[in-house]
Amino acid sequence: MADLLSALPIELLSIIGCAITSSDVAALLLVNKPLNDRLTPTLYASVDIADHNIAQDCIRTLSTAPSALAFGRDLAALVRSFSIKQPGKAKLARRLSRAVGRMTGLQHFTLSATDMCSPNVCVALVRAAGPTLRSLHIKPDDEYRWADGSDAGVLRDTRAAFPELTSIWLELAERIPWLEFFQPILTSRAGHLRKLRVALSAAPMLASPLLCSAPAWPHLQELELGVPDAPLATLPSTPNVRKLTLHWSVPAYALPQLVLPPGAFPALESLRCPYELLPIFLPAHARRQRPIRTVRLNDAYFDEAGVGNGAFSLADCLNWAAVLEALRCLSRSAGPVTDLSFYVSCFDAGLFGEGLAPCAATLERLLVVLGEDPDRESAIATFGKTLFAHAPRLRTFLLSDAAVKADDDSQMAPWMSFSFARERNKQLGWLQEWEKHTAALKTVAFTTEFVWTKTEDGWQASPPKRCNQDSDDFEDYDDNEEFDDDEEDDDGAVESDDSVLFKPK
């Protein structure tokens, strides 16, 4: 079998390597040298590290001189996509800069691990992958965390050039020297960027010099800003942005001063933002409205795993009056809204259909994340008449209790978050009543525990999702756990088992 595999054309072997798991590829590398030669590039093409121990082995291997590895190959040069999200210590950071410095074919780089992103790593990235890098996601550390001996001066002395870069995700906190390093990158690539995400949680004063240094982002299609007081009025021209995400709340007293030029985001189709900002994008008396079709307010989404999300804050929930105002705004969209998600603290089931009337006719998907058990639960049975009869295209309707599950003060078991969360017979009765008023509805959920799907045999519910400490999926992991980094120095850290990077799970 091994001889047959070795005889296959390299193109076919590459297809096989991409179709099987990394564990299977690693096993094939150990069969013989021809297979090792042909499949090693497949194994190392994408390195995604999400475990500390694997990070130790992986980075040690990639930073080791080729002459000390089996067959003398430069494994780091084979990497095309590299991602690490686990924290490390000084020795690991030093090894990382050496490994990155040899990734001469790197196209995608993600480094959001604490204590790992230093000036030395960034400079190594520029020198090795400058000509090839296409996407960059990076979270530079504060100066006091540069445990690898980095000097800020190397950033000022390095001119970063990424002629292929089209996607950038920056998470910045410190003003200097990172601003001086990344601002020229954003400016020089402004005419070519397609995706841009910027988070400035601890340094909002960086927003204007970082974001507004170019006159236009002509090819940008996705923009995400986690920037308090983002300078919306002075952003570069955005003629082709289709998807916009804004992660900050605006106090009521500041809303009158928030200005969005009428010509900004003329092609916007998907908007994710706090509900207070929605009227800014759909003003009441605009001559031409933006063609918004998808709206997510206050980070509302459906977590089918049944796990709460810490991003939910009950203090920031919309009340029903705010929801109604938001829905009135949506009725002004030039592109009829088809996908709507919002997060509401107090849900008035009796007024639900009436409130959605302005945009019900075009909706295809509707998600409502609730901050508490629905008021007037019996009114849910009337949604057929009050909502679905007026929403002929609505295929997916989801109620989510993820916010209740995420409430740290809640002492209830997850399945008790809504009083009817496990009452399948009651839910089935509602579904059958709704069917009298709509033929479009195909997917429904009343809790993140399980989902109803309409089949040829009627409505079927998926098995409940549970988190069991005895299951294989449960990991007992302590975020504060200390890791020892007592390995021998790199000269003694040699990977010699046929160049296998690590033992994949």
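Considering only segment 351-386, state which residues are hydrophobic (A, V, I, L, M, F, W, C) and assigned to a helix (DSSP H, G or I).
Result: 351, 352, 356, 360, 361, 379, 380, 381, 383.
In this structure, is residue 48 surrounded by 14 or more Cβ atoms within 10 Å (Cβ to Cβ) and either farther than 19 Å from residue 109 by Cβ or modelled with pLDDT of 70 or more (or both)?
On the way: surrounded by 14 or more Cβ atoms within 10 Å (Cβ to Cβ): no; either farther than 19 Å from residue 109 by Cβ or modelled with pLDDT of 70 or more (or both): yes.
Answer is no for this residue.
Taking the criterion of being at pLDDT below 90, in the same structural domain as residue 373 (by TED's automatic domain parsing), polar (S, T, N, Q) and surrounded by 15 or more Cβ atoms within 10 Å (Cβ to Cβ), would at least one residue in segment 414-427 satisfy it?
Looking through segment 414-427, at least one residue is at pLDDT below 90, in the same structural domain as residue 373 (by TED's automatic domain parsing), polar (S, T, N, Q) and surrounded by 15 or more Cβ atoms within 10 Å (Cβ to Cβ).
How many residues does segment 181-198 contain that are assigned to a helix (DSSP H, G or I) and over 23 Å from residue 248 (Cβ atoms)? First the steps, then the outcome.
Our first condition is that a residue be assigned to a helix (DSSP H, G or I); within segment 181-198, this holds for 181-189.
Restricting the remaining residues to those that are over 23 Å from residue 248 (Cβ atoms) gives 181, 184-185, 187-189.
Qualifying residue count, segment 181-198: 6.
Among the strands (runs of 3 or more DSSP E) confined wholly to segment 35-140, which include 3 or more residues that are closer than 26 Å to residue 154 by Cα and either of a type outside the set (Lys, Arg) or in contact with a Phe, Trp or Tyr (Cβ under 6 Å, 6 or more places away or on another chain) (or both)?
On the way: elements: 46-49, 81-84, 108-111, 135-138.
Strands (runs of 3 or more DSSP E) meeting the threshold: 81-84, 108-111, 135-138.
Just to be sure, is residue 284 part of a loop (DSSP other than H, G, I, E, B), at pLDDT 80 or above and within 21 Å of residue 445 (Cβ to Cβ)? Even if it seems obvious, please write down each step before you answer.
Numbers: part of a loop (DSSP other than H, G, I, E, B): yes; at pLDDT 80 or above: yes; within 21 Å of residue 445 (Cβ to Cβ): no.
Taking the combined requirement at face value, the residue does not satisfy it.
So, in segment 119-168, of the ones that are farther than 24 Å from residue 45 by Cα and hydroxyl-bearing (Ser, Thr, Tyr), which residue ends up surrounded by the most Cβ atoms within 10 Å (Cβ to Cβ)?
150
So how many residues does segment 337-356 have that are farther than 13 Å from residue 394 by Cα, modelled with pLDDT of 85 or more and surrounded by fewer than 19 Cβ atoms within 10 Å (Cβ to Cβ)?
Total meeting the criteria: 0.
Look at segment 439-449 and say how many of its residues are surrounded by 20 or more Cβ atoms within 10 Å (Cβ to Cβ) and more than 15 Å from residue 301 (Cα to Cα).
Count: 1.
Filter segment 450-468 down to the residues that are surrounded by fewer than 15 Cβ atoms within 10 Å (Cβ to Cβ) and among the small types (Gly, Ala, Ser), then identify the one that is modelled with the lowest pLDDT.
Checked segment 450-468; the qualifying residue modelled with the lowest pLDDT is 462.
State the number of residues belonging to segment 318-347 that are without any contact (Cβ under 8 Å) to a residue 40 or more places away in the chain, of a type in the set (A, V, I, L, M, F, W, C) and assigned to a loop (DSSP other than H, G, I, E, B).
So the count comes out to 2.
The values are calculated or read from the model by the stated rules, or taken from the named source; none is laboratory data. Given the structure is predicted, the values throughout are model-derived calculations rather than measurements. Counting neighbours? That spans all protein chains shown, and the Cβs are built from the backbone with ideal geometry, glycine included.
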